[in-house]
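Report on the structure given below.
No lab work stands behind these numbers, since they all come straight from the coordinates. None of the values given here were measured: they were computed from a predicted structure. Glycine gets a Cβ as well: all are built from the backbone with ideal geometry, and neighbour counts include every protein chain shown.
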Amino acid sequence: MMFRMMKEDIDVVFEQDPAARSHFEVILTYAGLHAIWAHRIAHAFYKRKFFFLARSVSQVSRFFTGIEIHPGAKIGRRLFIDHGMGVVIGETCEIGNDVTIFQGVTLGGTGKEKGKRHPTVKDNALIATGAKVLGSITIGEYSKIGAGSVVLKDVPEHSTVVGIPGRVVIRNGKRVNQDLDHRNLPDPDADRFKKLEQEINRLRDELEQAKKGRHEDGNKVVQYANETEGNI
């Protein structure tokens, strides 16, 4: 069972990372892979209430990989952590199968609350570079969190979330692929600013038309006054 899961972890690297060239390279140099394997050992100690040993393994892994996974976190199969530097996964996190996480992601809490205080990430979700998913919320299956987003509310399945705070920009459409295009994410803030700019331009045009109308009316009054004075 253990060796089958390790093989799955290696295989998913080749599926997700076009830079992977050989099994030897992946096994020896992929920090995300090392962090996941170390977490499985730490989690085994944690479940048996060897908390100090669990935390020690976790901290050693953090030192060598730059990835901090609390030993209490529950992680499913075939998790892929790409690059991984700066990834933080909290104690009560629950991560499903076939999830992809990029560097700089935080799956954290929002305060000092007790109990379930970290996110639940369902199967086949993707969380892009630098995203912060905070609190006891759920990221639905096949959903995507855009780079740099801050997510504080539940995300429905088959959805794409971007922005600060995170907003759902795609929902209940056709099935979302795992290939998140970081360069072409929808930007609701930019769309809103664009609409405001269009409204300002429209109001400016109306103001100019009103000024022009008043100027023409004023000229007509002056012209009428001059003509009247000449007739007298």
So LYS112 and GLU199, fully extended at 0.36 nm per residue minus their Cα-Cα distance, gain in nm 26.9 nm
Positive minus negative residues near ALA54 (Lys, Arg vs Asp, Glu; Cβ under 12 Å): +4
If you take the square roots of the eigenvalues of the alpha-carbon gyration tensor of the range 2-186 and sort them as a ≥ b ≥ c, do you get rounded (a/c under 1.5), prolate (a/b over b/c) or oblate? oblate
Quick one: net charge around ALA125, please, counting Lys, Arg +1 and Asp, Glu -1 for every other residue with C-beta under 12 Å from its C-beta. -3
In terms of the Cα gyration tensor, with a ≥ b ≥ c the square roots of its eigenvalues, is the range 80-142 rounded because a/c is under 1.5, prolate because a/b exceeds b/c, or oblate? oblate
